[in-house]
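The values are calculated or read from the model by the stated rules, or taken from the named source; none is laboratory data. Since the structure is predicted, the reported quantities are computational estimates derived from the model, not experimental observations. Positions of Cβ are generated from backbone atoms using ideal geometry, with glycine treated the same way; all protein chains shown enter the neighbour counts.
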Amino acid sequence: MNPLENVENPASGTEYFATQRTPKNYLTEGGHTLKSWLLTADHKRIGLLYLYSILFYFTIAAIAAALMRMELITPEGDMVTSETYNKLFTVHGTLMVWFFLIPSIPAVLGNFVLPMMLGARDVAFPKLNLLSWYLFNGGGLLALYSLVVGGVDTGWTFYTPYSSTYSNSHVIAMAAGIFIAGFGTILTGLNFIITTHKLRAPGMTWFRMPLFIWSLYSTSVIMILATPVLAMTLALMAIERLWGVGVFDPKLGGDPILFQHLFWFYSHPAVYIMILPGMGVVSEVITCFSRKPIFGYHFIAFSSVAIAVLGFMVWGHHMFTSGQSIYAGLVFSFLSYMVAVPSAIKVFNWTLTLYRGSISFNTPMIYILGFIGLFTIGGLTGLFLAAVGLDVHVQDTYFIVAHFHYIMVGGMVTAFMAGLHYWWPKITGRMYPEKLGQLAALTMFLGFNLTFFPQFILGYLGMPRRYHAYAPEFQIYNVMSSAGASILAVGYLLPLIYFIWSLKHGKKAAANPWNATGLEWQTPSPPPKHNFAETPVVDGPPYQYSAEEA
Amino acid sequence: MNFPLFPPEASQIARQTDHLLVALVLFSAFTLLVVFAPMIYFLFKYRRGKKADRRPVHLPETVIEVTWTIIPAIVFTGLFAWGANVYWAIERPPADAMEISVVGKQWMWKMEHPEGNREIDELHVPIGRNIKLTLASQDVIHSFFLPAFRVKQDVVPGRYSTLWFKADKLGTFHLFCSEYCGTHHSAMIGSLIVLTPDEYQKWLMHGAPGPTMAQEGEGLYRSYGCSGCHVRSTVVRAPPLEGLYGRPVPLQSGQIVTADEGYLRDSILLPAKDLVAGYTNAMPSFQGHLSEDDLLKLIAYIKSISDTTPTQETEEAK
Amino acid sequence: MADAHVALQEQFDEMPQQKEAATLGMWTFLATEVLFFGAMFLSYIVYRQTYPRAFAEASHHTIVLFGTVNTAILLTSSFTMALAVHAARENNIKWLFRFLAITIAFALAFLAVKGLEYRDDVREHLWPGPHFRPELPPQAQIFWVLYWIMTGVHAIHVTVGVGLLSTMAWMTSRRKFSATYYTPIEMTGLYWHFVDIIWIYLYPLLYLIHRYA
């Protein structure tokens, strides 16, 4: 207890966190000044900085989505011009992918809990960790600049020669933003890899690590190996735009398809950056709320690694109709089926984990059950797309849009919400309101399905994506989708409101409110600056839950 | 209010694709049942506070894991084979197909029939004939998408793509551009009109056709001065073009390539790329001088003389 | 040992752990770098396969003398860098500083030669765009776009290297290193050897292809 703590800076905005009369924690220790946050090297504070940043980008991207769904209520393009519409889906895609989804679980929750789960005081390179955040936001500012001065209309895929030659929008600023933010991602991945290798607590062997760490480790490998390829690809595209000549220029004999190969060599593995960490959260939450050790620990751990490796070999399935050779199409189709096997293994293992458990339906658990449902639908429709003959029909239609939203939103965002609720007591020292949490989780699940399930049908009917106006027979499903989007919006707003409310009025959280086994729960909530008063020693496997005692 | 689930089925491939879809939907429903029936059962049976047998049991982990690794892998291989089979049919145009040229540009489709008929954003075809489209783009990447036929092909600048279909239903069907191509992407739409063979003939005649594509190509062949070199007994020696199309061509690099549309296109635009064995690079590039339309006409001309014999003995080249 | 305690960061328990983390971190970063250059090398390979003739012709216009001199300079600088690391290991701070200074001098010489070469390239109308040498086939421009990007990105890496080496030299002069603690010198060395290796690939790919094509 430190009586001076509250006198120090009573007017600070962070006083919500500084729960009075509690021992020193990372929120109070080190000061309340803006500078103490902006120059912090504490992984927990950096995690929170990331949380604020991604919420900001998410809000902009979500507003763009809302405007698109409003436009699409009627078949005519009557609300915004097609130019504006094209800019809206580009903003939505670029910000959601690079400035929300990719950093969501890794940079927010991963940053916060990874060192604690390993029993470490911080990540291996704390200053580099802060630099990641600055690079991320430096890139974000450039992206915002491109929006403020007029926007970008290439779609998040930046296909040449449209992006390099024909578009009249601010492509270079946006590409530069993604380039810079990419180095933030690389440094985060680097930090996680080294931390996992070198900063594990005594007794924390590789196979005693929580599965969340395995998933983050696999994610980090993808981050460091795929992101630089994207950076260079976007640079080549931007240089072509700048000079008027370049390597993808068909007028010189260049090949626009090469751009697609390079782009998807990054962007397909990036899809796994956007789902593997979510799978890690599932393993943490499902064991805790069913009081069961995970079934098939080694298989789940290795399936993460398998996904990371196989994920690098399937990029060509984005290009089945691009004119690549038939044989390439067949090989990529086969490999795409194989990458589905490790995902299937995970789902089966989670299901069997519930057997003979003692299951409680707290908010994180509801989200996780939603995740398994939505991810399974997303994964199964992935099998439709891997069937190369069928993909020819649904490629570049709303079927694709529905499929990847089931994975990215139904999967990753749901898992992010689960993780945020699960670790919220640890992060803030306060409990969120449970009933409201459960309500929001169900609202999100229903809203999500109403928004995106009709899009599968729309896609099969033949409605192409990125269409500002469409044929009248597609209207009914578009109306359903837009209606669902408004429910989904309520589902997102609810947590925002009660999370903020809980900072001041939420019940104080104990060190281990869920009675969970991870090392992060063996330290007070919120944790002290260096996480542990003394370095913990690990003497057994993770998830030693007992359903009988619960 | 109706809730359509399938677009019109206007070809055999459309039906094959729909069968594959139905199979995948059934497989998915079965998988959901296999995963979620036990899950929901567990959620009820073992919810906290309810009496249940929760004593830990030892399950044969490795056996279970290997089983549910191998079974999906086998099923997936089967699905792969099925999808590959449909793809094989989609990607390989039959040899007897009627050929139509299509040029995509921001934001319209321009079709050209071999008889010389031209249309914009509309394509008339006869029922029951194999139709092969040769697709070119004047600017960015477009994609030619016929939902009723379940076929789609990206149209990439700098190369030709092909797409084939055989309509077995009369009527008017959607044509969409499905690769984002700029401001009016969603307006780059049109219709495919399937006619009976008689109606099609009538339509061809009614369209008051001018010269055929090959005839126009011949005009270009002369006006661009190609004829100056590609004939016998000229100062500059150039390979003869008669009987060239579809034949193997030995290159200076030692490779042998088939003289298809793509090869002819490259040889006109980038003459230095694939030099024919025994010739020097004397030809200027026509990059930037020829529109995609004219290029297609030139190629149509070269194709039209593929049955004639060369006027110049190729042996002389040695 | 007093120095060593100062240099141990709070997240580590002991010096060897910190050093292993730094080394592994540097190797991981270099893996990233390999993929970063990989995208360019892949583009190069694809187009050289497609247009071998145009690439050979375009490569003929590179200035082999400059390229060869720079190869010699960079290889020698890698040697002096290795000697600097060795000096640190031997606790020979005076020679550590000298070898760092020599390495910096070589790096600057490399950049100077590269600058002269760039000037000649521009004079020869080898900058891609409307003023590019008209007698070369259009695909030769692809070669030259790749030439400028690849050597340019490499030159940026050399410049970063100069910055790193200068920081190391400055820290050496401030007596920050000893035989017990010289991890930053080793890391800088790894980076510098990587920059060298990239050039070893660039040199034959850009300057020498017409010799056997």
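Here are some notes:
- Only one entry in A:Met96, A:Met117 is of a type outside the set (Lys, Arg), buried (at least 24 other Cβ atoms within 10 Å of the Cβ) and over 17 Å from A:Thr185 (Cβ atoms), namely A:Met117.
- Residues that are more than 7 Å from chain B (Cβ to nearest Cβ) and assigned to a loop (DSSP other than H, G, I, E, B), drawn from the stretch A:323-359: A:Gln324, A:Ser325
One line per residue, one yes/no per condition, for (1) out of contact with any Leu (no Cβ under 8 Å at 6 or more places or on another chain); (2) over 30 Å from B:Phe42 (Cα atoms); (3) modelled with pLDDT of 95 or more:
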{"position": "A:Phe453", "(1), (2), (3)": "yes, no, yes"}
{"position": "A:Ser486", "(1), (2), (3)": "yes, yes, yes"}
{"position": "A:Ala489", "(1), (2), (3)": "yes, yes, yes"}
{"position": "A:Ile500", "(1), (2), (3)": "yes, yes, yes"}
{"position": "A:Lys504", "(1), (2), (3)": "yes, yes, no"}
{"position": "A:Pro528", "(1), (2), (3)": "yes, yes, no"}
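- Condition broken by A:Leu101, with the remaining ones in (1) away from chain B (no Cβ under 11 Å); (2) in contact (Cβ under 8 Å) with a residue 40 or more places away in the chain; (3) farther than 17 Å from A:Ser267 by Cα; (4) buried (at least 21 other Cβ atoms within 10 Å of the Cβ) satisfied: (3)
- A single member of A:Leu436, A:Leu390 is at pLDDT 95 or above, part of a helix (DSSP H, G or I), buried (at least 22 other Cβ atoms within 10 Å of the Cβ) and more than 20 Å from the chain's Cα centre (by Cα), and it is A:Leu390.
- Taken over the stretch B:77-101, the criterion of being within 14 Å of chain A (Cβ to nearest Cβ) and surrounded by 21 or more Cβ atoms within 10 Å (Cβ to Cβ) is satisfied by B:Leu79, B:Phe80, B:Gly83, B:Val86, B:Tyr87, B:Ile90, B:Glu91.
- Top-ranked residue in the stretch B:149-181 [being among the hydroxyl-bearing types (Ser, Thr, Tyr) and out of contact with any helix residue (DSSP H, G or I) (no Cβ under 6 Å at 6 or more places or on another chain); ranked as farthest from the other protein chains (Cβ to nearest Cβ)]: B:Thr172
- One residue stands out among those in the stretch C:127-154 that are surrounded by fewer than 19 Cβ atoms within 10 Å (Cβ to Cβ) and among the small types (Gly, Ala, Ser): the one that is farthest from C:Ile63 (Cα to Cα), which is C:Gly129.
- Scanning the stretch A:475-485 for residues being in contact (Cβ under 8 Å) with a residue 40 or more places away in the chain and either more than 11 Å from every other protein chain (Cβ to nearest Cβ) or surrounded by 22 or more Cβ atoms within 10 Å (Cβ to Cβ) (or both) gives a total of 4.
- Filter result (modelled with pLDDT of 75 or more and either at positive phi or part of a helix (DSSP H, G or I) (or both)) within the stretch B:304-318: B:Ser304
- Residue that is surrounded by the fewest Cβ atoms within 10 Å (Cβ to Cβ) [pool: residues in the stretch B:1-59 that are farther than 30 Å from A:Arg356 by Cβ and polar (S, T, N, Q)]: B:Asn2
- Residues satisfying the stated conditions in the stretch A:68-82, i.e. in contact with a His (Cβ under 9 Å, 6 or more places away or on another chain) and either charged (D, E, K, R) or crowded, with 18+ Cβ neighbours inside 10 Å (or both): A:Met68, A:Glu71, A:Leu72, A:Gly77, A:Ser82
- The one condition in (1) crowded, with 19+ Cβ neighbours inside 10 Å; (2) more than 13 Å from chain A (Cβ to nearest Cβ) that C:Met26 fails to fulfil: (2)
- Selection count, the stretch A:376-387, where residues are part of a helix (DSSP H, G or I) and either among the β-branched types (Val, Ile, Thr) or at the interface with another protein chain (Cβ under 8 Å from one of its Cβ atoms) (or both): 7
- Residue list for the stretch A:134-163, filter: in a helix (DSSP H, G or I) and either under 19 Å from A:Ser267 (Cα atoms) or within 14 Å of chain B (Cβ to nearest Cβ) (or both): A:Phe136, A:Gly139, A:Gly140, A:Ala143, A:Tyr162, A:Ser163
- Meets criteria (within 14 Å of another protein chain (Cβ to nearest Cβ) and either closer than 22 Å to A:Met70 by Cα or in contact with a Phe, Trp or Tyr (Cβ under 8 Å, 6 or more places away or on another chain) (or both)) for A:Gly437: no
- Where B:Ser186 falls short, out of the listed (1) assigned to a loop (DSSP other than H, G, I, E, B); (2) touching a Gly at 6+ places or on another chain (Cβ under 8 Å); (3) among the hydroxyl-bearing types (Ser, Thr, Tyr): (1)
- Any hit, the stretch A:121-133, residues being touching a Lys or Arg at 6+ places or on another chain (Cβ under 8 Å) and touching a residue at least 12 places away in the same chain (Cβ under 8 Å): yes
- Of the residues contained in the stretch A:458-479, none is found to be under 26 Å from A:Pro277 (Cα atoms) and part of a helix (DSSP H, G or I).
- Test for A:Leu190: is it in contact (Cβ under 8 Å) with a residue 40 or more places away in the chain, in a helix (DSSP H, G or I) and away from chain C (no Cβ under 12 Å): no
For (1) at pLDDT 95 or above; (2) farther than 26 Å from A:Trp350 by Cα; (3) more than 7 Å from every other protein chain (Cβ to nearest Cβ), each residue gets a yes or a no:
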{"residue": "B:Phe3", "(1), (2), (3)": "no, yes, no"}
{"residue": "B:Thr17", "(1), (2), (3)": "yes, yes, no"}
{"residue": "B:Leu21", "(1), (2), (3)": "yes, yes, no"}
{"residue": "B:Ile40", "(1), (2), (3)": "yes, no, yes"}
{"residue": "B:Trp68", "(1), (2), (3)": "no, no, no"}
{"residue": "B:Ile74", "(1), (2), (3)": "yes, no, yes"}
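The rows are residues; the columns are (1) farther than 26 Å from B:Arg92 by Cβ; (2) aliphatic (A, V, I, L, M); (3) not in a helix (DSSP H, G or I).
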position: B:Phe6; (1), (2), (3): no, no, yes
position: B:Ala10; (1), (2), (3): no, yes, yes
position: B:Leu21; (1), (2), (3): no, yes, no
position: B:Val34; (1), (2), (3): yes, yes, no
position: B:Ile40; (1), (2), (3): yes, yes, no
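- Residue selected from the stretch B:138-148 under the condition outside any helix (DSSP H, G or I) and facing another protein chain (nearest Cβ under 9 Å), by the criterion surrounded by the fewest Cβ atoms within 10 Å (Cβ to Cβ): B:Asp139
- The combined condition, being among the small types (Gly, Ala, Ser) and under 16 Å from the mean Cα position of the chain (by Cα), is not fulfilled by A:Gly447.
- Subset of the stretch A:360-369 [part of a helix (DSSP H, G or I) and within 8 Å of chain B (Cβ to nearest Cβ)]: A:Leu369
- The set of residues in the stretch C:65-102 that are in contact (Cβ under 8 Å) with a residue 12 or more places away in the chain and not in a helix (DSSP H, G or I) comprises C:Glu90, C:Asn91.
- Long-range neighbours under 6 Å by Cβ, at least six apart or interchain, first residue part of a helix (DSSP H, G or I) within the stretch B:277-303, second β-branched (Val, Ile, Thr): B:Glu292/B:Val103; B:Asp293/B:Val103
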